[in-house]
1. Excluding residues on the same chain fewer than 8 positions from Lys21, give the lysines whose Cα lies under 23 Å from its Cα.
2. Within 10 Å, count the other beta carbons around each residue, average over each peptide in 26-34, 57-65, and list them highest first.
3. For a quick check: with amide H placed at 1.01 Å from N, whose amide H comes under 5 Å from Asp214's, ignoring anything fewer than 5 positions away on the same chain?
4. Could you pull out every one of the lysines with an alpha carbon less than 17 Å from that of Lys100, ignoring same-chain neighbours closer than 8 positions?
5. Round to a whole angstrom and tell me the spacing of the C-alpha centers of region 175-231 and region 113-142.
6. Output ³J(HN,Hα) for region 6-19: one whole-Hz value per residue in order, computed from phi by the Karplus curve 6.51 cos²θ - 1.76 cosθ + 1.60 with θ = phi - 60°, and x for Gly and Pro.
7. Using modelled amide H (1.01 Å from N, peptide plane; none on Pro or chain starts), what sits under 5 Å from the amide H of Ile177, excluding residues fewer than 5 places away?
8. Residues with amide H under 5 Å of Phe25's amide H, sequence separation 5 or more or different chain, H placed in the peptide plane at 1.01 Å from N; which?
Amino acid sequence: MAPSATPLWEAPTVQVPISNKDRTFPVRRVYCVGRNYVAHIREMKEGNERDAPFFFQKPTDAVVASGTAIPFPQHTQDFQYEGELVVAIGRGGINIPSEKVGEHIFGYAAGLDMTRRDRQKEALNAGRPWEAGKSFDHSAPCGPITAIEECPAIGEGTLCLSVNGQQRQKSDLDLMIWDVAEIIEKLSRQYRLEGGDLIYTGTPAGVGAVRPGDVIRLEITGLKELEVSVT
């Protein structure tokens, strides 16, 4: 495109609120870690518990804020939640060693990897990419980001998800197969990370379906809660 050309439209920047700040976090990319809790691998009956971590992406505009009413998506009969710790990157880098990871983290948030499970299973059975099951509108709700200096011991916290007030998921974060430092080290070998990237770190056991009218609430120790409703 010539420098003087006028774009047809301006794509809006996705912004996530920052807890206790009057600023927002502009989102660049959304990465997700697959199969990062042994109990979830076992409940899904897929994969090897010793496999190295693998990653997939969601569209940036799949990120929606806490308090959003998310529509039940098309092309599925099995719409499921996955509660996850989200890492917000504040400083870019490539081939980041695990001992330097803290220098690149801006903060943490509670997030949901919403999934069209029937479409994901079809893709798995056919050996195809996961996009149909994972990468769709409103599929990455994210709560307010808490700066790293306000939650330094995040790896020792607990994740608890409820639907309509009934607990569905509960796990200690230290049960992740690959911790935050290992995830960032390995992801940065594949992609150059930049400020604005969000990394969804995987879900524990207890995933399940939701229907219109359901309210999903995710709480992680030391972070602001995330709540969305399904319409």
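1. Lys224
2. Numbers: 26-34: 20.2, 57-65: 18.3.
So the order, starting with the most tightly packed, is 26-34, 57-65.
3. Val230
4. Counting by Cα, and skipping residues close in sequence, Lys100 has these lysines nearby: Lys186.
5. 15 Å
6. 9, x, 5, 7, 9, 6, x, 7, 7, 10, 10, x, 10, 4
7. When sequence neighbours closer than 5 places are left aside, the close amide H contacts are Tyr37, Val38.
8. HN-HN under 5 Å from Phe25: Val16, Ile18.
Read the figures in this text as sums done on the coordinates, not as results from a lab. Only a predicted model underlies this, so the values are computations on that prediction, with no experimental measurement involved. Here the Cβ is made from the backbone with ideal geometry for all residues, glycine too, and neighbour counts use every protein chain on show.
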